[in-house]
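Let me begin by presenting the structure, written as structure tokens, before commenting on it.
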Amino acid sequence: MPYPQNPFTPTAGVTPRAWAGHEIVIANFIDGLEEGVGAPERLMRLTGLRGSGKTSMLQRLGDEARTLGWTVVDVTAKSSHLAEDVLVQLALLNPAEQAREGAGIEVNLGLVKASYNLGKEVGSNDLRVAFDRLLSKKGEKLLITVDEVHAASMEDMSELSIAYQHAVRKKYDIAFVFAGLPSPVNSLINRNELTFLRRALPFVLTPVSIGEARDAMEDTLQPTGIVANPDALDAMAKASEGYPFMIQHVGYQTWREAKRRNPSSNNVITLADVHRALPIATQRFEATVLEPALVGLSEQSVEYLIAMACEPGDSQEARSSSVAARLGKTTQELSTVRASLIDLDLIESPGRNLLRFTLPYMPEYLLSKYPSAAS
């Protein structure tokens, strides 16, 4: 009997088999779609740290909507043409009809090409027309998801918000879910032009408990027939620190190590497999989450993080006064740097004079990347 496929998915946007404490988000969303116009879950905002599962959750919510017969448009706010991206996707859903109605569809060699950017800016009125065109038909329902909304311009989100409000007022079956990093999302929705989006039902994808992480790993393994010893599961969960993306990395590498040791379908994952897997899982996590999180930081910001990492005791926490002393400055002189790192969701302040890294393994990564700082 062939060895089962690895059930863990440490790839951005791929839906995991188990959601580790976040099942309530999915359940509430489904209820909102089924309960009709006016359900609060039809306007949702998802926030969470890097690697907390925002993109995967959007994918899962879209899959659930499709199962219920909804049309789903998924866009990412990193594009500088968010409204146009929505319109193009709507056009591609039914290009023949859009072409008849003048939506700017070009047909070339049998391939359908959609384009709304025909010498004019796309605005909320274009979106309203497109929503009307689709949703005025009996039985049509539309879900729009926007990922990395913290990267969106105020103008783009305003256009989308206005068009969505218009559709809601007409009692169309429409839902809107957007996701992004906590602090930038809060800054975005608190703009005067986007007050409507403050009403979006908030769900925060936080790290889960070690027990929930263990359950998620066990549930992920269960359909494969491959089991893990209790001590192996305990070690896997502890190493993940309850962080969704790390759950997938640890599980994936441990599975791979177990298969290499014994490629038979009656294999049992052992603690030794976990120990061999952890260095690789940690390196992958550093490369895919921690390193990108530091890109673009000022030299002063990096120095501040390194000083935090050098603090003794709990490696995730530090005192702001100690960090300032290590850098030879006062806490007041460093207040702007500290605030910017908090705004970027790289650190948080759980109490007076206290700082904490938000991402697991960040202190260890910083000290390995800048070893001279620890001396």
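Rule-based calculations on the coordinates, nothing more; no lab input. What you are looking at is a predicted structure, and each value in this text was computed from that prediction instead of being measured. We place every Cβ from the backbone using ideal geometry, glycine too, and count neighbours over all the protein chains shown.
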Kindly list the residues of the stretch 341-362 that lie in the label zone of residue 321, defined by a backbone N under 19 Å from the point 7 Å along the Cα-to-C-beta vector.
349-356
Using θ = phi - 60° and the Karplus relation 6.51 cos²θ - 1.76 cosθ + 1.60, list the HN-Hα couplings for the stretch 199-205 in order, rounded to whole Hz, with x at every Gly or Pro.
7, 4, 5, x, 10, 9, 8
Between the stretch 222-262 and the stretch 37-93, the Cα center-to-center distance that results, in Å:
30 Å
Could you give the distance between the Cα centres of the stretch 146-190 and the stretch 314-369, to the whole Å?
32 Å
Starting from the Cα-Cα distance between residue 199 and residue 170, subtract it from 0.36 nm times their residue separation and give me the gain in nm to one decimal.
8.6 nm
Whole-number D in µm²/s for the stretch 221-315 (Stokes-Einstein; Kirkwood sum over Cα pairs; 10 °C, 1.306 mPa s):
106 µm²/s
Taking R0 as 35 Å and r as the Cβ-Cβ distance between residue 331 and residue 206, the FRET efficiency 1/(1 + (r/R0)^6), rounded to the nearest 0.05, comes to 0.80
Inter-site label distance for residue 23 and residue 93 at 7 Å from Cα along Cβ, in nm:
3.0 nm
For residue 143, list long-range residues whose amide hydrogen, built 1.01 Å from N in the peptide plane, is under 5 Å from its own amide hydrogen.
71, 72, 73, 175
